Every structure is written in C-alpha cells, then in structure tokens.
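Report on one structure; see the data block that follows.
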Amino acid sequence: MLTRIDHIGIACFDLDKTVEFYRATYGFEVFHTEVNEEQGVREAMLKINETSDGGASYLQLLEPTREDSAVGKWLAKNGEGVHHIAFGTADVDGDSDAIRGKGVRVLYDEPRTGSMGSRITFLHPKDCHGVLTELVTAAPPATTDH
Ligand code: MC0
C-alpha cells in the first residue's frame, strides 16, 4: 500500500546553487546528501515533514554525475524542473508486482538501492500519464548494539 509522498525529484544543473535557493527562499535545510553512482546522480534530500506512517516527505534535488544518466539526458532535453514523484510503501516488492499486474511497466526486475539505503523501483512515465513514478521502501531505522 502506498502511504505517503516520499519525495519529489527535481533535476538541476548545479546542486549547490539549487540547495542555496531552497534554503534562502523557503528555509529548507539539507537533511542528507549522497552520490548514487548506479543512478548517475549527486543528490540532496530536504526533509519537509514527517508522515503518519512513520516516514517522511522530502524534496530530492538531483544533479547528474554523467551526461548519459537518466537525469543528464532529461536535463539536456527539458532543462531544470520536476523529474519524478515517489510514493512511499512498506513493501516495494509487493506493490511493484501488483502494479505490474495492472499492465504498467515496472523498470526494474528487482528493486535497486536509493537514497539513504532505501529500496526503489520506477514505473515508466508513458504508462503513468507522463509522470515518471518511483516506489520507495525506506531503510529500517539503524539499531545500536550495546
Ligand atoms: C523520459 N521521459 C519522461 C521522463 N524521462 N517523461 C516524464 N518524466 C521523465 N522524467 C519520456 C521522454 O520524454 C520520452 O518521451 C520517453 O520518456 C523516452 O525517454 P528517453 O529520453 O528516450 O529516455 P529513455 O527511454 O532512455 O529513459 C527514460 C526512462 C529512464 C524513464 C526509462 O529515464 C529511467 O530508467 N528512469 C528511471 C531511473 C531514474 O530516473 N533515475 C534518476 C533518479 P517521447 O514522447 O519524447 O518519446 S535516481 C533517484 O531518484 C534515486 C537516487 C532515489 O530516489 O533514491
């Protein structure tokens, strides 16, 4: 079951300048940054709010690390803007199977690694009324050994 907007992915040419725009204009601070080489992005997660399922909603600012990445190709064609939306679920495997069964192309056979250790997959935008759609299961909270 999809229970929250996990994030909105925004493609940008210059991550540092875009982070500064969101900080100066809205007061949103960076919660997390990382490079995801598999996806070809350097990203910053700005936490907007907690959600009732125990998760959170973020803005995800994305700068490509290479021109032939999904975000690099999209930026070259469209310029900066909203690249995808992501719904949060406790069960990305089950939900992607169910959605595949409804005739929507799920881009990965098995979920891959996303922000902050999450497991992610994508739905083809042409099957989703023009919206590249991601499903996300957040990593479980870290446990501390005593
Ligand atoms: C492409 N299209 C889009 C789109 N990207 N439509 C809406 N939103 C997008 N973001 C459209 C194009 O305009 C084109 O339509 C058609 O889809 C085929 O696009 P293409 O330019 O030929 O590119 P493809 O087919 O090589 O790749 C498109 C595809 C790809 C969606 C399959 O971008 C992909 O695999 N995306 C999933 C991975 C991803 O986006 N990773 C970056 C975020 P026309 O009408 O011109 O034919 S990584 C991330 O978000 C992680 C780190 C996380 O959240 O944790």
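The values are calculated or read from the model by the stated rules, or taken from the named source; none is laboratory data. Note that the structure is a prediction, hence the values are computed from the model and not measured. Every residue, glycine as well, gets a Cβ built from its backbone with ideal geometry; the counts of neighbours run over all protein chains shown. Ligands, DNA and RNA are excluded from the accessible area calculation, which covers all protein heavy atoms including side chains. Shrake-Rupley method; radii C 1.70, N 1.55, O 1.52, S 1.80 Å.
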Residues (of a type outside the set (Lys, Arg) and part of a helix (DSSP H, G or I)) located in the stretch 112-128
Ser115, Met116, Gly117, Pro125, Asp127
Inspect the stretch 90-102 for any residue being within 15 Å of the chain's Cα centre (by Cα), within 13 Å of the ligand (Cβ to nearest atom), surrounded by 16 or more Cβ atoms within 10 Å (Cβ to Cβ) and farther than 22 Å from Val19 by Cβ and give the result as yes or no.
yes
Unique residue being in contact (Cβ under 8 Å) with a residue 40 or more places away in the chain and either touching a Leu at 6+ places or on another chain (Cβ under 7 Å) or assigned to a helix (DSSP H, G or I) (or both) when the list is Asp53, Asp95:
Asp95
Any residue in the stretch 23-45 that's among the acidic types (Asp, Glu): show its pairings with residues that are in a helix (DSSP H, G or I) at Cβ separation under 8 Å, as long as the two are six or more apart or on different chains.
Glu29/Arg23; Glu34/Ser115; Glu34/Met116; Glu43/Leu15; Glu43/Ser115
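To keep it simple, each residue is scored yes or no on (1) near the ligand (Cβ under 8 Å from one of its atoms); (2) open to solvent by 50 Å² or more (accessible area, probe 1.4 Å); (3) not in a helix (DSSP H, G or I).
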position: Ser57; (1), (2), (3): no, no, yes
position: Trp74; (1), (2), (3): yes, yes, no
position: His83; (1), (2), (3): yes, no, yes
position: Phe87; (1), (2), (3): no, yes, yes
position: Glu110; (1), (2), (3): no, yes, yes
position: Gly130; (1), (2), (3): yes, yes, yes
